[in-house]
Amino acid sequence: MKLISWNIDSLNAALTSDSSRALLSRQVIDTLVGQDADIIAIQETKLSAKGPTKKHLEILNDYFPDYAIAWRSSVEPARKGYAGTMFLYKSSLEEPTITFPEINAPSTMDAEGRIITLEFDQYFVTQVYTPNAGDGLRRLDERQIWDEKYADYLVELDQQKPVLATGDYNVAHREIDLANPNSNHRSPGFTDEERQGFTNLLDRGFTDTFRYKHGDVPNIYSWWAQRSKTSKINNTGWRIDYWLTSNRIADKIIQSNMIDSGERQDHGPILLEIEL
């Protein structure tokens with residue numbers, strides 16, 4: 001199986017805008033089409049509570065014919081047009097059971113469309129868009145609760161059958177996972193608390209597939225700040241997007257890599273190929 005995950009940072013902009021950034025986004029989509037993945041997970045869709053429009057669905061069908069779609073948007077009392085997730089999966093796969101789990105997270109996090117899970121006969125595929133700790137770390141306490149609740153949820157799945165979990169986890173786990181660790185220890189996504197939360201998750205039975213396959217290879221990232229015009233050119237990035245698997249199927253991983261997103265800054269897609 002081949003699976004891809006990508007934080008698209010607005011599906012509507014990527015599909016319908018004529019901005020220079022949207023054109024770069026569509027180049028990435030063209031790359032994904034060429035990968036012919038079985039399942040594509042998309043985070044930060046930023047769609048309305050009604051989900052993709054007819055136009056969105058037509059464009060997606062043009063890019064990805066013979067794929068089914070599952071989506072979840074942010075709904076009240078959460079902010080409108082915020083967060084959101086989507087799966088595209090080949091119609092030729094067995095029909096999965098689709099769930100939109102809530103994990104008893106704090107604040108409005110459960111209403112922000114952050115998790116979708118596909119249950120197949122032999123395994124789960126689940127994606128997450130993890131809440132950011134926010135400017136000034138204002139949401140750090142809530143983020144720590146989220147991390148604990150999410151880990152509980154993955155363990156619950158793992159007790160039933162093996163799990164493939166992916167998404168934008170909004171944390172660089174180790175110093176090797178970002179270009180400038182020394183100056184970022186109190187930045188959202190690299191606090192000791194968030195890093196420990198990710199360690200705790202892995203310790204409960206999950207494998208970071210990229211590190212499993214590549215070891216301590218440096219300078220490989222999945223996100224480059226848009227605010228810095230030179231972040232991609234200089235590769236001052238962060239690795240905050242992951243494919244995780246249950247430990248017991250880690251030996252079935254064929255490859256876990258980044259997909260080149262060209263000149264586009266922000267998130268790049270990540271690829272997992274696994275024998276299931």
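The values are calculated or read from the model by the stated rules, or taken from the named source; none is laboratory data. What you see is a predicted model; the values in this text were computed from it and never measured. Note: ideal-geometry Cβ built from the backbone for every residue, glycine included; neighbour counts use all protein chains shown.
Determine whether G189 is over 23 Å from I40 (Cβ atoms), within 19 Å of the chain's Cα centre (by Cα) and crowded, with 20+ Cβ neighbours inside 10 Å. Criteria met by G189. Annotation note: of E156, E142, E175, the sole residue that is under 15 Å from T236 (Cα atoms) and among the charged types (D, E, K, R) is E175.
Residues that are under 13 Å from Y123 (Cα atoms) and without any contact (Cβ under 8 Å) to a residue 60 or more places away in the chain were ranked within region 157-175; the one that is surrounded by the most Cβ atoms within 10 Å (Cβ to Cβ) is L157. Across region 99-149, the number of residues qualifying as under 18 Å from S74 (Cα atoms), among the aromatic types (F, W, Y) and in contact with a helix residue (DSSP H, G or I) (Cβ under 7 Å, 6 or more places away or on another chain) comes to 1. The C-beta contact set for region 262-273 (first residue part of a strand (DSSP E or B), second residue at pLDDT below 95 and buried (at least 20 other Cβ atoms within 10 Å of the Cβ), distance under 6 angstrom, 6+ apart or interchain) is empty. Of the residues making up region 144-152, one or more are closer than 25 Å to L202 by Cβ and in contact with a Pro (Cβ under 8 Å, 6 or more places away or on another chain). Consider region 129-153 and keep the residues that are free of Cβ contacts under 8 Å to residues at least 60 places away in the same chain and within 15 Å of the chain's Cα centre (by Cα). The one that is farthest from I115 (Cα to Cα) is N132. When A49 is tested against (1) touching a residue at least 24 places away in the same chain (Cβ under 8 Å); (2) touching a Leu at 6+ places or on another chain (Cβ under 9 Å), exactly one condition is not met: (2).
With respect to the conditions (1) surrounded by fewer than 17 Cβ atoms within 10 Å (Cβ to Cβ); (2) in contact (Cβ under 8 Å) with a residue 24 or more places away in the chain; (3) of a type outside the set (K, R), Y89 lacks only one, and its number is (1).
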